[in-house]
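*Asks:* My questions all concern the structure below.
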């Protein structure tokens, strides 16, 4: 699949006529006669081809005057895989918009994070997505509003501000325009099982600060297939006590969010991931959802990935045995970089022990009435104050650790969702103690580079020996060129040949 698929009319028409869910999120179908837009897999009878027009985003459909279909709910389809596989400015902008930057800092803040002018950002987004940053952020606000309307008992005024609207009027107008229903009508149509706002809560009807809402349950969609074994197995096996845990079939962890702490509980289901979010402030809902989706790599296109990897006769049996593997990522890029250094040349258990000590000493406490989570992972600023002599690790690794946290705290190394992958790699490689393995694992799991490859990893070298692949890192890297641009997913399939706990869903 190529960027700009919405311009391939014949292909889009075939996808709509076959109701192919694999294309949900890649493009949207707008129907000229009904003025409704749908996802390709919409269950209704497909319109005549001459009545179809195609747009690259829900925001572009809304800009053109179309409203969301009430049957297929196109606003809830998985996000486009383009933003995970690319590192250009448009992809970086989309990741920032999903992370709520426009709502918090406006378009100037978005442009400043990317190092471009507002005019340049608006022009590039409009050219590729048919909508500028404000329209894209507005579409996201509408989706968040709908989620809160349908899944909570919160008053509409609180929902308006939680979703990022500046006024009740803007909230009402947007909901009516996008969904052709008032907020009250949306709630009436929803199943009669709202999640309570929280025990003993007395919500207010006005003001921009929603306060502590309690838990919200929702479904995170994905493109099938999804193999949860290595995804949740990896997160559970490497979980840092106090920050992460596996409990009652769910991976749970604390979240550091713009307006306060949160806790996410993520449970794999056959057709979705069940997500339960406990937030200090409802305004963090869209950011929390975005980070959970990124953590689980839910916007990936597994069919495109697996089809490419199957072209190698060595990988084909591994893919056919358990298709749909995802790359376990992170909700906090700086946290993962620190943990990667703690995991250099030590066992998984030792890395967890090192991290847990730092969490207890420097993490911010959180309250978790539903489990054993106790802290947020420490910030780089907090870790920069650590006395190196207190670290139970070799002196050279202490230097690596202290240099990294100082660079992260000072901004010398930046690993946010908007990071330029090559620039970040270059900065990391310039630090003492950073070799190919550390940089590549950060690129794969923190930066989200789908083509990162761990040629020097012990698990990969064991798998290569077992499968008859080249033994040396240089030769293996040359062989892996055929797996591009999905080498990070090849890593998951190669790791899965081992009996390490990261490869198995906890019981």
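The values are calculated or read from the model by the stated rules, or taken from the named source; none is laboratory data. Quick caveat: nothing in here was measured; it's all calculated off a predicted structure. Neighbour counts run over all protein chains shown; Cβ positions are idealised from the backbone, glycine included.
*Asks:* Given the options 383, 376, 358, name the one that is surrounded by 20 or more Cβ atoms within 10 Å (Cβ to Cβ), in contact with a strand residue (DSSP E or B) (Cβ under 9 Å, 6 or more places away or on another chain) and farther than 20 Å from residue 443 by Cα.
*Replies:* Numbers: 383 fails: in contact with a strand residue (DSSP E or B) (Cβ under 9 Å, 6 or more places away or on another chain); 358 fails: in contact with a strand residue (DSSP E or B) (Cβ under 9 Å, 6 or more places away or on another chain).
Being surrounded by 20 or more Cβ atoms within 10 Å (Cβ to Cβ), in contact with a strand residue (DSSP E or B) (Cβ under 9 Å, 6 or more places away or on another chain) and farther than 20 Å from residue 443 by Cα holds for just one of 383, 376, 358, which is 376.
*Asks:* Tell me yes or no: at least one residue of the range 144-154 is out of contact with any helix residue (DSSP H, G or I) (no Cβ under 8 Å at 6 or more places or on another chain) and at pLDDT below 95. Write out each step before concluding.
*Replies:* Let us first name the residues in the range 144-154 that are out of contact with any helix residue (DSSP H, G or I) (no Cβ under 8 Å at 6 or more places or on another chain), namely 151, 153.
Narrowing the set further to residues that are at pLDDT below 95 leaves 151, 153.
Checking the range 144-154: at least one residue is out of contact with any helix residue (DSSP H, G or I) (no Cβ under 8 Å at 6 or more places or on another chain) and at pLDDT below 95.
*Asks:* Any idea which of (1) surrounded by 22 or more Cβ atoms within 10 Å (Cβ to Cβ); (2) out of contact with any helix residue (DSSP H, G or I) (no Cβ under 7 Å at 6 or more places or on another chain); (3) in a helix (DSSP H, G or I) is the one residue 339 doesn't satisfy?
*Replies:* (2)
*Asks:* Can you tell me which of 134, 125, 96, 148 is farther than 19 Å from residue 16 by Cβ, under 19 Å from the mean Cα position of the chain (by Cα) and either crowded, with 19+ Cβ neighbours inside 10 Å or touching a residue at least 24 places away in the same chain (Cβ under 8 Å) (or both)?
*Replies:* Numbers: 134 fails: under 19 Å from the mean Cα position of the chain (by Cα); 125 fails: under 19 Å from the mean Cα position of the chain (by Cα); 148 fails: under 19 Å from the mean Cα position of the chain (by Cα).
Among 134, 125, 96, 148, only 96 is farther than 19 Å from residue 16 by Cβ, under 19 Å from the mean Cα position of the chain (by Cα) and either crowded, with 19+ Cβ neighbours inside 10 Å or touching a residue at least 24 places away in the same chain (Cβ under 8 Å) (or both).
*Asks:* Which of the residues belonging to the range 151-182 are buried (at least 20 other Cβ atoms within 10 Å of the Cβ) and assigned to a loop (DSSP other than H, G, I, E, B)?
*Replies:* Residues satisfying the conditions are 154, 163, 164, 165.
*Asks:* Tell me which residues, restricted to the range 394-447, are at positive phi and loosely packed, with under 14 Cβ neighbours inside 10 Å.
*Replies:* At the first step, the residues of the range 394-447 found to be at positive phi are 411, 433.
If the condition is that a residue be at positive phi and loosely packed, with under 14 Cβ neighbours inside 10 Å, then 411 is the only one that fits.
*Asks:* Separate question: Only helices (runs of 4 or more DSSP H) wholly contained in the range 267-330 count here; list those with 3 or more residues that are crowded, with 22+ Cβ neighbours inside 10 Å and either under 11 Å from the mean Cα position of the chain (by Cα) or on the phi > 0 side of the Ramachandran plot (or both).
*Replies:* On the way: elements: 285-296, 302-309, 316-321.
Because the criterion is at least 3 residues that are crowded, with 22+ Cβ neighbours inside 10 Å and either under 11 Å from the mean Cα position of the chain (by Cα) or on the phi > 0 side of the Ramachandran plot (or both), the helices (runs of 4 or more DSSP H) in the range 267-330 that meet it are 285-296.
*Asks:* If residue 466 satisfies all but one of (1) within 23 Å of residue 225 (Cα to Cα); (2) out of contact with any helix residue (DSSP H, G or I) (no Cβ under 8 Å at 6 or more places or on another chain); (3) free of Cβ contacts under 8 Å to residues at least 60 places away in the same chain, what's the number of the condition it fails?
*Replies:* (1)
Conditions (1) outside any helix (DSSP H, G or I); (2) closer than 26 Å to residue 31 by Cα, marked per residue:
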{"site": "70", "(1), (2)": "yes, yes"}
{"site": "80", "(1), (2)": "yes, yes"}
{"site": "102", "(1), (2)": "no, no"}
{"site": "109", "(1), (2)": "no, no"}
{"site": "121", "(1), (2)": "no, no"}
{"site": "127", "(1), (2)": "no, yes"}
{"site": "137", "(1), (2)": "no, yes"}
{"site": "141", "(1), (2)": "no, yes"}
{"site": "145", "(1), (2)": "no, yes"}
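*Asks:* Given the structure, is residue 190 modelled with pLDDT under 85 and farther than 17 Å from residue 292 by Cα?
*Replies:* Working: modelled with pLDDT under 85: yes; farther than 17 Å from residue 292 by Cα: yes.
Yes, satisfied.
*Asks:* Restricting the search to the range 405-435, which residues are assigned to a helix (DSSP H, G or I), in contact (Cβ under 8 Å) with a residue 12 or more places away in the chain and within 24 Å of the chain's Cα centre (by Cα)?
*Replies:* 405, 408, 409, 421, 422, 424, 425, 427, 428
*Asks:* Can you report the number of residues in the range 27-58 which are closer than 18 Å to residue 139 by Cα and touching a residue at least 40 places away in the same chain (Cβ under 8 Å)?
*Replies:* Applying the first criterion (closer than 18 Å to residue 139 by Cα) to the range 27-58 yields 27-30, 35-39, 54-58.
Within this subset, residues satisfying the condition of being touching a residue at least 40 places away in the same chain (Cβ under 8 Å) are 28, 54-58.
Qualifying residue count for the region: 6.
*Asks:* For the list (1) in a strand (DSSP E or B); (2) touching a residue at least 40 places away in the same chain (Cβ under 8 Å); (3) surrounded by fewer than 21 Cβ atoms within 10 Å (Cβ to Cβ), I need the number of the one condition that residue 261 fails.
*Replies:* Looking at each condition in turn, residue 261 falls short on (3).
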